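The block underneath contains the structure these notes are about, expressed in C-alpha cells.
Just so you know, all these numbers are worked out from the coordinates, no wet-lab data involved. Owing to the predicted nature of the structure, the values given are computational and were not obtained by experimental measurement. Backbone-built Cβ (ideal geometry, glycine too); neighbour counts: all protein chains shown.
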Amino acid sequence: MPDQWPRALMRAALREVGYDAVGTRSLGGALYRSAPVPGRGAIGAVVIDQDAIGENAGVIASFRQHAPGAALVLLAPVTRLVQEGPWARVIRRPVRVEEVVRVIEELVPLPAEIRRPVD
C-alpha cells in the first residue's frame, strides 16, 4: 500500500466525525501546516510517526512553539523504545485508524453540536 494511503484514510476518518484534519508527508510540511491560519481554530492535536522524527528531536520543540496547546500523539513501532517526551499518548503500531480517531476524540473532544462531517 502506498505510504500516503494510511495518512489519507486517517485524515478522512477524522474529518468524518468533525475534525479539521490535515496531513503532510514530512515533518517540515507539518511544521508549515501548524502555523496559524485566519479562519481556522487552534491546533488541538498533532499525530507524529516516530520513524519520521529520527534523530531530529528539535522538531518537537518547534511543534510546541507553533501549537503550544496541542496534544502530541506518537505512533511508535511495537518493538522500539519510546524516549521521554511531551506525548499526551503513545499508540503502538500496527494500529487501526479507528483507534487513532478514538484517542483524538478523548484528547480533544468535540461538542455534540459541531460533530458533523467536514467538507
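Need the full-extension length gain, Ala12 to Ser62, defined as separation in residues times 0.36 nm minus the C-alpha distance. One decimal, nm.
In short, 15.4 nm is gained.
Below 8 Å between Cα atoms, with a sequence gap of 6+, how large is the relative contact order for the chain in percent?
Over the chain, the number comes to 32 percent.
When you count, for each residue, the other Cβ atoms within 10 Å and take the mean per peptide, how do 62-68, 94-100 rank with the highest first?
62-68, 94-100
Project the alpha carbons of segment 4-114 onto their principal axes and report the range along each, largest first, in whole Å.
Result, largest extent first: 40, 29, 24 Å.
7 Å from Cα along Cα→Cβ at both Val37 and Ala112: what's the point-to-point distance in nm?
3.0 nm
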